[in-house]
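Data block below; observations after.
Laboratory data are not the source of any read-out in this text; all were calculated from the coordinates shown. The structure displayed is predicted, hence computed values, not measured ones. Virtual Cβ from ideal backbone geometry, glycine too; neighbours counted across all protein chains shown.
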Amino acid sequence: MVLKNFFNKTKYEKKIAEESVNLEVIPSHIAIIMDGNGRWAKKRAMPRIAGHHEGMKTVRKIARVADDLGVKVLTLYAFSTENWKRPKSEVEFLMSLPEKFLNDFLPEIMERNIRVQMIGEKEGLPEHTKKALNKALEKTKNNTGLILNFAMNYGSRAEIVNAIKKMMIDVQEGTLNFDSITEETMNQYLMTSHLPEPDLLIRTSGEVRLSNFMLWQLAYTEFWFTDTLWPDFNEETFLEAIQAYQKRNRRYGGLKGEEIN
Ligand code: FPP
């Protein structure tokens, strides 16, 4: 396989050659809990929002490399339903990031044929954030490349509860048969119904928890944790995660061929 965009010879291309990242076994769906922006800023005696601003630049870097490698879906946890508890000024800054990000990056998103999507409660977002996201969703809706999926105002337990409520309504209305409900039915009622399950979950900054992120969807996902803070995360760290993934033996609870006898 040839890298899609040889826009220049980068350090990570060298890494691919040197450390044998297998371009045939790239995870289709990578989900990332981007953590450590605040600590990154604190280490530099900067305000927390400076860390988020730097984190936004990392989003751009990782979207590019994911696209280059042929990843199909990149889901980024950008704002959780719990993040509303943060100081008002920080929340306001976080809500301005989609706008800032898309103002700069949308032309390249179009050039790369990237499709922007989101999961989470869009209605709970401020008007200007919704507007920026809607514009990107609309403008990129016919793009067929990487799906860049932002989890904004997202909480997995709420998503599951809503899915159950919708199922109950459909059962009541007779459009869903109670006895035919399976795990696949649940998949169809989640916000990710149109996406494959994540193959790889990355969390940065040394925290080792899921923080209410895609609890149902991550049942068989490979997890990879790094101490690197999100603003310091780069193409090399991303490849390290993919290399680790390629060494894992995914069995989905069963046995691999050679283990059966
Ligand atoms: C967690 O770090 C990070 C967030 C709550 C926000 C993540 C958002 C971005 C990286 C930018 C998103 C960009 C777009 C385009 C939407 P933290 O603040 O909890 O860090 P800490 O644990 O060190 O305090």
(message) From the list Asn134, Asn103, exactly one residue is surrounded by fewer than 21 Cβ atoms within 10 Å (Cβ to Cβ), within 13 Å of the ligand (Cβ to nearest atom) and farther than 27 Å from Pro27 by Cα. Which is it?
(response) Asn103
(request) Return only the number of the condition from (1) more than 11 Å from the ligand (Cβ to nearest atom); (2) surrounded by 21 or more Cβ atoms within 10 Å (Cβ to Cβ) that Lys72 does not satisfy. (result) (2)
(message) Condition first: more than 10 Å from the ligand (Cβ to nearest atom) and closer than 18 Å to Gly124 by Cβ. Now tell me which residues in segment 75-86 satisfy that.
(response) Thr81, Trp84, Lys85
(request) Name the residue, out of Leu137, Leu148, Leu176, that is of a type in the set (A, V, I, L, M, F, W, C) and in contact with a Leu (Cβ under 8 Å, 6 or more places away or on another chain). (result) Leu148
(request) Mind listing whichever residues of segment 203-243 are of a type in the set (Gly, Ala, Ser), at negative phi and surrounded by fewer than 19 Cβ atoms within 10 Å (Cβ to Cβ)? (result) Ala219
(request) Among the residues of segment 59-68, write down those that are within 14 Å of the ligand (Cβ to nearest atom) and more than 13 Å from the chain's Cα centre (by Cα). (result) Lys61, Arg64
(request) Please indicate, with yes or no, whether at least one residue in segment 30-52 is closer than 15 Å to Ile242 by Cα, within 12 Å of the ligand (Cβ to nearest atom) and either under 14 Å from the mean Cα position of the chain (by Cα) or buried (at least 20 other Cβ atoms within 10 Å of the Cβ) (or both). (result) yes
(message) Quick check on Ala78: is it of a type outside the set (Asp, Glu), in contact with a Lys or Arg (Cβ under 6 Å, 6 or more places away or on another chain) and buried (at least 21 other Cβ atoms within 10 Å of the Cβ)?
(response) no
